[in-house]
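The values are calculated or read from the model by the stated rules, or taken from the named source; none is laboratory data. Because the structure is predicted, anything quoted here is derived from the model rather than measured. Backbone-built Cβ (ideal geometry, glycine too); neighbour counts: all protein chains shown.
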Amino acid sequence: MKTANRMLALIATVTVAAAGCAAVGDKLVTPDDLKVIKGSFRAQGQARLDRLDQDDAQRLCSNPPPATIARGDAERVEKSNLAAIRYPADGKMLGDWKAGERIAQSGRGKQYSDDPKAPSGGNCYACHQLSKAEISFGTIGPSLYRYGATRGNSPEMQRYTYGRIYNPQAYSACSNMPRFGHNGILTETQIRDVTALLLDPNSPVNQ
Ligand code: HEC
């Protein structure tokens, strides 16, 4: 029974790690467990085994409940992730909102079976409401409907929004939102496009 429970815990952990949402918590999994997990995957195409290695933020955010991240650690995660954001060299944070809409509504990419040369989607709709017309969207994240209409389009708001999408952990340690720029899921051009989707007065987000 004990072994069965342990196996179930391992399977659950592997599933989470494979989904890329979080990785393996130090307290849940011993180095030997990690060896078993790593041994049960093989790299294929763009799905490489380095995804099983945690960085500082993942390690600090992976302690099982009811443990929470200490305030000092959260500040450290946010500070180092903020410092690692690479903003566009020309200072232009906004791209084409129409391209941004296609990216936001696409959940493709980063699987071993996807063409690595094809651009990945942002899957934003899976966690956020984006427009009035959508009949189905996820609610893990807050609604972004009228995001730009309520916050304006100032240079500070453009920079915040670009950075927020590039690396959510810079603003909210242990965020469930993917680190789109930091982890190379979306390109600079694509992040500009989704930033425009959120801020352009003509985009469906702001109608
Ligand atoms: C797996 C779920 C998930 C996905 C996918 C996701 N987000 Fe988020 N997002 C969140 C959560 C949760 C928050 C709440 C704050 C936090 O935890 O970071 C958030 C917050 C935000 C915010 C900050 C909102 C505010 O009030 O300042 C923006 C902007 C945002 N997301 C944009 C996007 C965009 C654009 C995409 C797609 C490229 C996206 N998100 C994809 C979960 C997600």
Please enumerate the residues belonging to segment 71-126 that are aliphatic (A, V, I, L, M) and assigned to a loop (DSSP other than H, G, I, E, B).
ALA84, ILE85, ALA89, MET93, LEU94, ALA118
Can you find, within segment 154-182, the residue that is farthest from ARG51 (Cα to Cα) among those that are part of a helix (DSSP H, G or I) and of a type in the set (D, E, K, R)?
GLU156
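Mind listing just one residue for me: the one in segment 143-161 that is among the aliphatic types (A, V, I, L, M) and more than 9 Å from the ligand (Cβ to nearest atom) and, of those, nearest to ILE191 (Cα to Cα)? Write out each step before concluding.
Narrowing segment 143-161 to residues among the aliphatic types (A, V, I, L, M): 144, 149, 157.
Restricting the remaining residues to those that are more than 9 Å from the ligand (Cβ to nearest atom) gives 149, 157.
Numbers: ALA149: 19, MET157: 14 Å.
Among those that are among the aliphatic types (A, V, I, L, M) and more than 9 Å from the ligand (Cβ to nearest atom), it is MET157.
Have a look at ASP114, ASP200, ASP193 and point out the one that is modelled with pLDDT of 95 or more, away from the ligand (no atom under 12 Å from the Cβ) and at negative phi. Can you show your working first?
On the way: ASP114 fails: modelled with pLDDT of 95 or more; ASP193 fails: away from the ligand (no atom under 12 Å from the Cβ).
Exactly one of ASP114, ASP200, ASP193 is modelled with pLDDT of 95 or more, away from the ligand (no atom under 12 Å from the Cβ) and at negative phi, namely ASP200.
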Search result, residues across segment 178-198 that are among the hydrophobic types (A, V, I, L, M, F, W, C) and in contact with a Phe, Trp or Tyr (Cβ under 7 Å, 6 or more places away or on another chain)
PHE180, LEU186, ILE191, ALA196, LEU197, LEU198
If the requirement is being of a type in the set (A, V, I, L, M), outside any helix (DSSP H, G or I), within 10 Å of the ligand (Cβ to nearest atom) and touching a Pro at 6+ places or on another chain (Cβ under 7 Å), which of these qualifies: ILE185, ILE140?
ILE185
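How many of the residues in segment 134-155 are over 22 Å from the mean Cα position of the chain (by Cα) and closer than 18 Å to ALA196 by Cβ? So that I can check it myself, show each step before the final result.
The initial filter retains those residues of segment 134-155 that are over 22 Å from the mean Cα position of the chain (by Cα), namely 135, 149-155.
From the residues that got through so far, the ones that are closer than 18 Å to ALA196 by Cβ too are 149-155.
Matching residues across segment 134-155 total 7.
Taking the conditions exactly as written (surrounded by fewer than 19 Cβ atoms within 10 Å (Cβ to Cβ) and either within 20 Å of CYS61 (Cβ to Cβ) or out of contact with any Asp or Glu (no Cβ under 8 Å at 6 or more places or on another chain) (or both)), does GLN158 satisfy them or not? Spell out how you get there, then give the answer.
Details: surrounded by fewer than 19 Cβ atoms within 10 Å (Cβ to Cβ): no; either within 20 Å of CYS61 (Cβ to Cβ) or out of contact with any Asp or Glu (no Cβ under 8 Å at 6 or more places or on another chain) (or both): yes.
Spelling it out, it is not the case that GLN158 is surrounded by fewer than 19 Cβ atoms within 10 Å (Cβ to Cβ) and either within 20 Å of CYS61 (Cβ to Cβ) or out of contact with any Asp or Glu (no Cβ under 8 Å at 6 or more places or on another chain) (or both).
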